[in-house]
1. Run through every distinct alpha carbon pair of the range 57-123 and return the Kirkwood hydrodynamic radius in angstroms, one decimal place.
2. Excluding D421 itself, what net charge comes from residues whose Cβ is under 15 Å from its Cβ, given Lys and Arg +1 and Asp and Glu -1?
3. Rounded, prolate or oblate: which fits the range 286-345, taking a ≥ b ≥ c as square roots of the Cα gyration tensor eigenvalues, rounded meaning a/c under 1.5, else prolate when a/b beats b/c?
4. I need the phi-derived Karplus couplings for the range 162-176: 6.51 cos²θ - 1.76 cosθ + 1.60, θ = phi - 60°, integer Hz, Gly and Pro marked x.
5. With no solvent and one equal point scatterer placed on each C-alpha of the range 83-213, evaluate the Debye formula and give log10 I(q)/I(0) for q = 0.11, 0.14, 0.18, 0.21 Å⁻¹, two decimals.
6. Taking all protein chains in place and a 1.4 Å probe, what share, in percent, of the accessible surface of the range 396-543 do carbon and sulfur account for?
7. When we measure straight from the Cα of K207, which aspartates and glutamates land under 16 angstrom away, once same-chain ones fewer than 8 places off are left out?
8. Looking at the range 226-655, send over the antiparallel percent of its DSSP beta bridges, to the nearest 5.
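The values are calculated or read from the model by the stated rules, or taken from the named source; none is laboratory data. Just so you know, these numbers come straight off a predicted model, no measurement behind them. In this analysis, Cβ positions are derived from the backbone assuming ideal geometry, glycine residues included, and neighbour counts consider all displayed protein chains. All accessible areas refer to the heavy atoms of the entire protein, side chains included, with ligands and DNA or RNA removed. Shrake-Rupley method; radii C 1.70, N 1.55, O 1.52, S 1.80 Å.
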Amino acid sequence: MNEPYREEVKDFYTSDLKKQPGENVNVWPCTAGSSSSSGVSFSFPRVFLCLSFLCQAGNVLGHPQCLDYGPPFQPPFHLEFCTAYENFGCCDQEKDNSIAAKYWEIMDYIDPQGHKLCGRYIKDILCQECSPYAAHLYDAENPQTPLRNLPGLCFDYCSEFHFNCYSAISLLTGDKHIQECCETNKTRFCNLLNLHDKDYCFPNVLKNTDLNRKLGSVVEDRKGCLQLCLTEVANGLRNPVTMAHANDQTHRMFVAEQVGVIWVYLPDGSRLQEPFLDIKTIVLATPWVGDERGFLGLAFHPKYKYNGKFYIYYSYMDKKRVEKIRISELKVSASDINKADPHSERNLLELEEPAANHNGGQLLFGVDGYMYIFTGDGGKAGDPFGTFGNAQNKSALLGKVLRIDVDGKSTAGKPYRIPPDNPFVSDAKARPEVYAYGVRNMWRCAVDRGDPVTGKGRGRLFCGDVGQNKFEEIDIIVKGGNYGWRAKEGFECYDTKLCRNSSLDDILPIFAYGRNVGKSVTGGYVYRGCESPNLNGLYIFGDFMNGRLMALQEDEKTNKWKKQDICIGNTKACAFPGMISSYSKFIISFAEDEAGKLYFMSTSYPSAYAPHGSLYKLVDPARRAPPGKCKLKPVPVKTKSKRIPFVPRAKTILELLNEPPPTQPPGKSSSTGVTRTSSSKKAKTTPSSKIKASTLKPTAAGKKTQKIKAKVKHKPKQKGKVTKVPKPTPAPSSTKRNLRITRTKKL
């Protein structure tokens, strides 16, 4: 964290936090440009919104969604029947086979001429369940609206189908209302199946180049801002500084608060009432806004499943009132897998901190099995310690990346061993723990898991290094690397004299940004999860001060990194159950769970004792993995503590869309004359001559046995052959689910 932010945060709160609930607060933009307010304001108490419509120059592309309310996917195997959607859509092989079976059951009742005339129509209609726009075609984008029995058809196509195959309607749907009204009334039938948006009806949806040009890719607005979505995972946290998993197949998440408490979250979303670890009485943390001291780091041993060891990094004050950093080892309790043994603490390393800021705080294990420790330069401003500062002094442990072996002891009596290939073990003027140097205050680092198929990138260490007053930077850590501070800040000189004499071998950032973009970088992760394959290889990070989310994509040919902004909460792209449109502004940290899903933690009030922190999961609305591919089977965990179910505080996008419009006082009318509806489509009125909306709901009514009168000859009966009675054809296989709406609490 950067020391200037402390005063800026205080200044911010002396103005905005004096406002009463319900008064306007600033809405923070999420695209490139100034970090100041966008000038747009909303009447919403103490919640910072990053709304992607501020990022847009126009509408985004369409909203692909399946009937199970999830994004489309690439089928893992070839589709034999609905082949039009074998590259991207909403059907896997099992669903494709079930649609084929339904088709052949219907075709049993059609004579040969009907096969030729109606087979194509029937197949097209049934296969719309596989369309990437299936939810739109069946009015299933909003779980609160009735589900259509039949997909939305363009009027001309519908008219052709009805003219040639009207008797097939009773075989396609068991809804008596549709059967009775529409077999002989083409206009009524096609009006019923009509969609207000002509671009989305079948078959127009297949021909629309805007909707299909980048179908399945991460959606971008016209300014290149990536459209991602969020789900709220946890709330009520006191400055959540880190989240880690134990890599023990339990898929628990351990979330640490700055005050010194670690909570256990289970795969079902619940939290255990009793903490995993509580060392509030030892950790040095204050309620001051922006204080950087406290519990700062957590890492589990690679063999935690077998040895129960984990490691923590925190600020404390010794008996002589000297502020220090302590890195120590603890073990899990022998009697409770969800409790640490606080008496098992073994101190590994202690560092005296000359100032209250720049405390570092990251702990992680590399693919080599060694532990990496990221320390700050000691604080104040400009690294004023000694001739060249702490960061350039290899005999000091501040301003460094350290690497130690926690599984051994040194001959000098240290509680850890020095890896024999550390870069400065032979340098008498350097501490042997030093792995890299010249860093200012690396705030959040991560190990790249590597491409899930090729393994490319595995083991790379990415870090965000907070700048002094000009540049924030992202670095990849290499053995023996000098990252330039205090000679350089970003790509430019900071200390002119040191910079002129600095080595040409200094490691430059892969990306740096100025104060017009942000003021305090929060390092993130390279996405390698299963759920959102489009995000594979993207390094996602943020800025603490203005709440901006960003991504870096590597060009494999040039090895250059391109930055794109991330926009959250578009009401069209993110209109899925559980998705939210806002997040707390101050981005503290990023994390990944055992399965590789990506999260970030932020707060609306950056004080260690303020319970305004939340945990969010990032989701790509454009594409997901095929059903079943990412299915988890967590190892069951015995819990002795009470489970506290998760209660969301943020309203979902669908809940916001379903809110009734504000009532007008008697005698007054709306200034615009337009009423918002509960879905993304405009409201449609139903003339009395049309079928009531209730006829769209699935029914259990059966259909009468009949032969197709599809402008074709009747299929001749064979002597002695029994006519098969068709069973009622159900509505699309995905049924509506009722979602409980939870009212948002004001923060």
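1. It is 13.9 Å.
2. The answer is -1.
3. Prolate, because a/c is 1.5 or more and a/b exceeds b/c.
4. Karplus-based 3J(HN,Hα) across the range 162-176 equals 5, 4, 8, 9, 4, 6, 6, 4, 5, 8, 8, 9, x, 6, 4 Hz.
5. -0.38, -0.63, -1.07, -1.44
6. C and S fraction of accessible area: 51 percent.
7. D124, D156, D197, D199
8. Close to 95 percent.
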